[in-house]
Amino acid sequence: MTVYFIGAGPGAADLITVRGARTLASCGVCLYAGSLVPTELLAECPPGARLVDTARLDLDAITAELVRAHEEGHDVARLHSGDPSVFSAVAEQMRRLDAAGIPYEVVPGVPAFAAAAAALKRELTVPTVGQTVVLTRISQQATPMPEGEDLATLGRSGALLVLHLAVRYVDRVVDELLPHYGPDCPAAVVAMASRPDELVLRGTLEDIASQVKAAGVVRTAVILVGRTLGATQFRDSHLYSPERDRHVC
């Protein structure tokens, strides 16, 4: 049988993909992060499916559940918030499944940064302003960041930064980015993106930390910093330019 790592999307239950929902409906076992995945999605599971909340399970316990389901002949839906390719901790689960000889597949989902951009009504890559997006985090109370991936180093690029798992330490983020982006650089925080209690904060590096504190945001949020967030004067993309040769395949 197969383990399916399914991206559940950023929060709204209807932002799971059609493939994700269909796969979920075909699996006799579902492991989900109860603190992050909307419970409405569990209604997609078939009647009688075994539902396992992994919020309090460590990696060994999660692996044991996956192995047990495989041995019992069940396909498994392993629901992860957002998209499994970013900050989902699937790599170590895949490594364990490889060792156990258990097949798995990945069903992509809508990532949190995409939902945040939608909430802000912003394209994150704007012609002549910024064409690079860096997805990152900080190492506070988490796995250490690799050498050269600290905010001071990444900030030198001037690219749009999207920080996950960092809103609790927004003061540190601001302090490390100010020398590279300046106090007037547009910044935003989107909490609970796509959910009914979504909160959008817009400002600059100079005032975004005070907004976060005033709103009491401490989790389930992304921080965005970069010039594209405030871009209004920029050249139209070449994609739709009348000068583009549309006869070239």
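The values are calculated or read from the model by the stated rules, or taken from the named source; none is laboratory data. Bear in mind that the values here come from a model prediction, so they are computed numbers and not experimental data. FYI the Cβ positions are ideal-geometry reconstructions off the backbone, even for glycines, and counts take in every protein chain you see.
Below is a table of values for the structure above.
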| quantity | calculated |
| --- | --- |
| In region 44-62, the residues that are surrounded by 13 or more Cβ atoms within 10 Å (Cβ to Cβ), within 23 Å of the chain's Cα centre (by Cα) and not hydrophobic (A, V, I, L, M, F, W, C) | Glu44, Asp53, Thr54 |
| Selection within region 47-88 - touching a residue at least 60 places away in the same chain (Cβ under 8 Å), hydrophobic (A, V, I, L, M, F, W, C) and under 19 Å from Met1 (Cβ atoms) | Leu66, Ala69, Val76, Ala77, Leu79 |
| Members of region 109-120 found to be surrounded by fewer than 20 Cβ atoms within 10 Å (Cβ to Cβ) and more than 11 Å from Ala188 (Cβ to Cβ), listed by number | Ala114, Ala118 |
| Among (1) assigned to a helix (DSSP H, G or I); (2) more than 20 Å from Ile102 (Cα to Cα); (3) under 18 Å from the mean Cα position of the chain (by Cα), the one test that Ala91 misses | (2) |
| Qualifying position, being in contact with a Leu (Cβ under 7 Å, 6 or more places away or on another chain), among the basic types (Lys, Arg) and modelled with pLDDT of 95 or more, among Arg78, Arg19 | Arg78 |
| Test for Leu41: is it at pLDDT 95 or above and buried (at least 18 other Cβ atoms within 10 Å of the Cβ) | no |
| Any chance Arg78 is assigned to a strand (DSSP E or B), over 12 Å from the mean Cα position of the chain (by Cα) and not aliphatic (A, V, I, L, M) | yes |
| Elements of type strands (runs of 3 or more DSSP E) contained in region 102-173, each with 3 or more residues being touching a Lys or Arg at 6+ places or on another chain (Cβ under 9 Å) | 160-164 |
| Residues that are more than 21 Å from Val200 (Cα to Cα) and exposed (fewer than 13 other Cβ atoms within 10 Å of the Cβ), drawn from region 121-139 | Thr128, Gln131 |
| Region 65-102 - residue that is touching a strand residue (DSSP E or B) at 6+ places or on another chain (Cβ under 9 Å), β-branched (Val, Ile, Thr) and more than 16 Å from Ala55 (Cα to Cα) and, of those, surrounded by the most Cβ atoms within 10 Å (Cβ to Cβ) | Val76 |
| Residue match in region 3-26 (condition: surrounded by fewer than 17 Cβ atoms within 10 Å (Cβ to Cβ), closer than 26 Å to Arg95 by Cβ, charged (D, E, K, R) and within 24 Å of the chain's Cα centre (by Cα)) | yes |
| Among (1) farther than 21 Å from Arg22 by Cβ; (2) surrounded by fewer than 16 Cβ atoms within 10 Å (Cβ to Cβ) - the single one Glu105 does not satisfy | (1) |
